[in-house]
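These notes concern the structure reproduced below.
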Amino acid sequence: MAFRILSKCRMFQNIINTKIPKNLRSDGIHISTVHRDLMEFFDDKKNWAAESIKVGRSWNKDELRIKSNEDLHKLWFVLLKERNMLLTMEHECLAQFELFPNPERIDKVEESMNNLEAVVRERNKAYYDLEVGESAERPGELVTNMLGLNFFYRKFEHLIPKFLNKKWRKKHTFNVVNGNIEKFQKYYREKLHNANRKSKNRDTNHVMHLMKRFPNMDISAVQQQYPSVNIEKIKNYHKTRGHYVP
């Protein structure tokens, strides 16, 4: 198989060289400016033992909106290559018990890729709304599984129709409730309620400790960060006041 691929590549190169003038021919086909084989998956060697590396910020949506589709396409593969390299370096550092410098680089690359995808979705949606009059997003519907839980199912194309696709019908059974599931739904709602209650109590205790340690902090900023906490109510709690006279 490898010999066939190599022979096809050589044949393709010979065809290119016969049609391109001699002064414009190239000795090989390069996929990147620096060809390092498998070392493309690793960072530069000067950064291997470094404790910190100077890196920039992530791409925001306003910067990506002014770029062309071709530039966005190229930038996507650059970010994808960078993410693969960072994930490989992180895995290798964990295996060798070494420090991975600036792990926030992975978050910045993923944030840039998410912003780029959001910009492409905006352009795709605007094009389809203008030319076709329909949304470019994959269609879906709100369905119910066998346990009576509702979720949004996104549709996708199949080669076999739904009424003939036994594998799909066996895996996806919607809007069919079998048996008595009222007891399950009751326990499930209780579990969600307890999780919400515990999360609210944790936020309330955290805000009370913040108000105790920092009595002059910005209350509006804390309320914006923790909207579920009633700050006006906990102001008079003894855990909030601390060792000072209000």
Quote the accessible area belonging to residue 131 in square angstrom, nearest 10, computed with a 1.4 Å probe and with ligands, DNA and RNA left uncounted. 120 Å²
Just round it to a whole percent: the fraction of Cα-Cα distances in the stretch 35-132 exceeding 18 Å. 54 percent
Dipole magnitude of the stretch 80-213, debye to nearest 20 (Cβ charges: Lys/Arg +1, Asp/Glu -1, about Cα centre): 1040 debye
Report Rg (one decimal) and Dmax (nearest whole number) for the stretch 174-246, counting Cα atoms only, units Å. 18.9, 63
How large are Rg and Dmax for the stretch 87-246 when calculated on the C-alpha trace, in angstrom? 25.3, 76
Place the peptides 51-61, 71-81 in order of packing, highest mean first, counting for every residue the other Cβ atoms within 10 Å and averaging per peptide. 71-81, 51-61
The stretch 143-211: which GluC sites (Glu not before Pro) are DSSP loop and have at most 15 other beta-carbon atoms within 10 angstrom? 157
Hey, if you put +1 on the Cβ of every Lys and Arg and -1 on every Asp and Glu Cβ in the stretch 35-132, which of 52, 120, 42 ends up farthest toward the positive end of that dipole? 120
Area of residue 187 that stays accessible when all protein chains are in place (1.4 Å probe, Å², to 10): 130 Å²
Over the stretch 110-166, volume per residue of the alpha carbon convex hull, in Å³: 158 Å³
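The values are calculated or read from the model by the stated rules, or taken from the named source; none is laboratory data. This one's a predicted model, so the numbers in the text were calculated from it and none came from an experiment. Neighbour counts are summed over all protein chains in view; Cβ atoms, including those assigned to glycine, are modelled from backbone coordinates with ideal geometry. What goes into the accessible areas is simple: the full protein's heavy atoms, side chains included, and nothing from ligands, DNA or RNA. Shrake-Rupley method; radii C 1.70, N 1.55, O 1.52, S 1.80 Å.
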